[in-house]
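Everything on this sheet refers to the single structure shown next.
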DNA sequence: CGACTAGTTGAGGCCAGTCAATGTTGGTGG
DNA sequence: CCACCAACATTGACTGGCCTCAACTAGTCG
């Protein structure tokens, strides 16, 4: 229904031929994600060098893992088409969703710290991923200051994302968390040129709950409640946001953990 | 009482004189944190270069901020003596403790993402901090591969710390969170040569609660409960861990959000 | 069509939040 | 030195938000 339900993209065939039906040649400088992904703001020459180190652009089936917890770390992964969830693993095997990632996002940074991935990344739909070998990336970054800077920013942004999530999990009540989650999705879809008000949830209720520190029943109930209140419309995984201002108010205006205002 | 209650350190005077009473000259290569801080594993020559970029080693009074939310980002801060807490700031002004940092830790990474600090860092006692100008650090890292690697690891470790905290806040119950917190402190004090079982909490109950997503009353109650159960002894901020195995079991054995076992 | 997974909704209970009163500690100035 | 004050901490009583358990419905895929 919505534009983003499909991942159709404009032509991605490069100008220099050599494209087969089953394996279309993709390059950074012809990729529509140029402005979202790692190479923002680098010049043409640098772009080609970055392109050269992306040796693999792999297809990942829905439900398959880009990498697993404990795998030796070797590369970051940039999502070209599709989406995935990342998870953290507790000592006793408990798993929690740590992130939902879409087109242009980079995942796998948790592997840098200990040379092994700490969690796993699982495709939520058939996806296409650029594999960025980390040692070559690091080496290249030494010569390309803008790339170096971008790489550090990507890491730092993930740190900030984590901090904001801590705030969400530590100080927000269930309905605030869900509102923040929906608004975050809305914004990210808009940034990618999709509808900000109508989109498909690629995560199950359970995954959303895991991500937000809630039970799946709570998520389901809240969505129903939001719908009853005219904030949105839900039909399975399809969500239509009807009242963004009200959602924004719910997401924060009351102040985190503020006194409950009985309306 | 305990060794770690004081921050007394062995002599820090360098060999090359030039030390005044009020401003003792400190250098990376004579700093006792060499093995904990940024320059782990770099050679003598590189160490001198890192040392050269640390233009300031500032003293921060208890309660004073190393940096504030919104300040333009210019430097990372390495804690040489003392400790601090870092916080995240919500849109509506709500503040939550995001980290407790001690000797050798590096703070201020949240500023890299947007060239402004997202939260603030506040000293919990009179402390001494090395200021690491970021642009010079980045520049130097381009020539010193080991430093580059260390810097990235520091960032990545912060990412993993964030992920683990998400897990803690999203999937653990109150007593599990507190047990994890205490064990984390225990381990970090041990790594620094202090007692792993007897230490001073530098955070108030409120700060601990904020960090763990709990109310201060809950923290207080839990500490009392732990004491009643013989797990530890508390007297204000002084904590003596009496039963580490039991604490560890409480921290995870039940499995996060696992079924409550009525003993 | 049956088995399975995902989602919804209801009933009830518990963990932790909230409100409130009291105790304790540490710093400051008379 | 001690009185005083403010910040920090403890404990109790009560409440309520979210979890837990459970039954039922709606799609999906072999």
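Using the structure shown, decide if residue B:178 is within 13 Å of chain A (Cβ to nearest Cβ), in contact with a helix residue (DSSP H, G or I) (Cβ under 9 Å, 6 or more places away or on another chain), within 16 Å of DNA strand C (Cβ to nearest atom) and closer than 30 Å to residue A:210 by Cα. Write out each step before concluding.
Values: within 13 Å of chain A (Cβ to nearest Cβ): no; in contact with a helix residue (DSSP H, G or I) (Cβ under 9 Å, 6 or more places away or on another chain): yes; within 16 Å of DNA strand C (Cβ to nearest atom): yes; closer than 30 Å to residue A:210 by Cα: yes.
No; evaluated as a whole, the condition is false for this residue.
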Response to the item:
By residue number, the members of region B:133-163 that are in contact with a strand residue (DSSP E or B) (Cβ under 8 Å, 6 or more places away or on another chain), more than 7 Å from every other protein chain (Cβ to nearest Cβ) and assigned to a helix (DSSP H, G or I) are B:134, B:137, B:154, B:161
Discussion item. Can you find a residue that is outside any strand (DSSP E or B), touching a helix residue (DSSP H, G or I) at 6+ places or on another chain (Cβ under 8 Å), within 14 Å of chain A (Cβ to nearest Cβ) and at pLDDT below 85 anywhere in region B:29-40?
Written reply: yes
Worksheet item: Could you say whether any residue in region B:177-196 is without any contact (Cβ under 8 Å) to a residue 60 or more places away in the chain and within 9 Å of DNA strand D (Cβ to nearest atom)?
Response: no
Practice prompt. Please give the number of the condition residue B:251 fails out of (1) modelled with pLDDT under 95; (2) within 14 Å of chain A (Cβ to nearest Cβ); (3) within 12 Å of DNA strand C (Cβ to nearest atom).
Written response: (3)
Discussion item. Let me confirm something: among B:212, B:222, B:216, which residue is within 13 Å of DNA strand C (Cβ to nearest atom), touching a helix residue (DSSP H, G or I) at 6+ places or on another chain (Cβ under 7 Å), more than 30 Å from residue A:137 (Cα to Cα) and within 10 Å of chain A (Cβ to nearest Cβ)?
Written reply: B:212
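For region B:220-237, check the following and say yes or no: at least one residue is assigned to a strand (DSSP E or B) and near DNA strand D (Cβ under 7 Å from one of its atoms). I'd like the intermediate steps shown before the answer.
Our first condition is that a residue be assigned to a strand (DSSP E or B); within region B:220-237, this holds for B:232-235.
Add one more test, that the residue is near DNA strand D (Cβ under 7 Å from one of its atoms), and what stays is B:234.
Checked region B:220-237: at least one residue is assigned to a strand (DSSP E or B) and near DNA strand D (Cβ under 7 Å from one of its atoms).
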Fill in: Residues of region A:46-76 satisfying the condition of being part of a helix (DSSP H, G or I) and either in contact with a strand residue (DSSP E or B) (Cβ under 8 Å, 6 or more places away or on another chain) or not assigned by TED's automatic domain parsing to the domain that holds residue A:148 (or both)
A:53
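Residues checked against (1) in contact with a strand residue (DSSP E or B) (Cβ under 6 Å, 6 or more places away or on another chain); (2) buried (at least 18 other Cβ atoms within 10 Å of the Cβ):
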site	(1), (2)
B:176	no, yes
B:181	no, yes
B:184	no, no
B:211	yes, yes
B:217	no, no
B:229	no, no
B:234	no, no
B:237	yes, no
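Taking the options B:119, B:209, name whichever one is within 16 Å of DNA strand D (Cβ to nearest atom) and free of Cβ contacts under 8 Å to residues at least 60 places away in the same chain. Talk me through it step by step, then tell me what you get.
Numbers: B:119 fails: within 16 Å of DNA strand D (Cβ to nearest atom).
Residue meeting the stated conditions: B:209.
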Discussion item. Would you confirm, using the coordinates I've provided, whether residue B:189 is within 14 Å of chain A (Cβ to nearest Cβ) and touching a strand residue (DSSP E or B) at 6+ places or on another chain (Cβ under 6 Å)?
Written reply: no
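The values are calculated or read from the model by the stated rules, or taken from the named source; none is laboratory data. Keep in mind the model is a prediction, meaning the values are calculated, not measured. In this analysis, Cβ positions are derived from the backbone assuming ideal geometry, glycine residues included, and neighbour counts consider all displayed protein chains.
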